[in-house]
1. Give segment 1-15 a look and list any residue that's surrounded by 10 or more Cβ atoms within 10 Å (Cβ to Cβ) and of a type in the set (A, V, I, L, M, F, W, C), or say none.
2. Filter segment 4-40 down to the residues that are closer than 30 Å to ASP78 by Cβ and either in contact with a Pro (Cβ under 8 Å, 6 or more places away or on another chain) or of a type outside the set (A, V, I, L, M, F, W, C) (or both) and list them by number.
3. Among LEU20, LEU5, LEU13, which is at pLDDT below 95 and assigned to a helix (DSSP H, G or I)?
4. Looking only at residues in segment 32-78 that are among the charged types (D, E, K, R) and in a loop (DSSP other than H, G, I, E, B), which one is surrounded by the fewest Cβ atoms within 10 Å (Cβ to Cβ)?
5. If I filter segment 41-63 down to residues being touching a helix residue (DSSP H, G or I) at 6+ places or on another chain (Cβ under 7 Å) and of a type in the set (D, E, K, R), which single residue comes out as nearest to VAL75 (Cα to Cα)?
Amino acid sequence: MTQQLIAVDANALGQVLKRLDTLETLIRDVKLVAREEWVSIQEAARLLQCDPSTIRRKINSGELQAKGSGKSRRVRLD
């Protein structure tokens, strides 16, 4: 196998390495939090990136499990 040399701009490489360091720091500092088992309709819509009416429709069709009523209605996203 033949080796091939590639010219790289040292400045650009330095910027890439700096961004990698920043990403490593961000990843290291991330703290994962367990999601609640039951969430509000608004929170479910935010997590699923849809409108709350879509969540209500999925509850009515049986696609999502829900408990409670009115403002205290909670949805299970498992």
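The values are calculated or read from the model by the stated rules, or taken from the named source; none is laboratory data. It should be emphasised that the depicted structure is a prediction, and the values quoted were computed from it without experimental measurement. No Cβ is skipped: glycine too gets one built from the backbone with ideal geometry, and neighbour counts run over all protein chains shown.
1. LEU13
2. ARG28, ASP29, LYS31, ARG35, GLU36, GLU37, SER40
3. Only one candidate qualifies: LEU13.
4. If we take residues in segment 32-78 being among the charged types (D, E, K, R) and in a loop (DSSP other than H, G, I, E, B), then ASP78 is surrounded by the fewest Cβ atoms within 10 Å (Cβ to Cβ).
5. Checking each candidate, the answer is ARG56.
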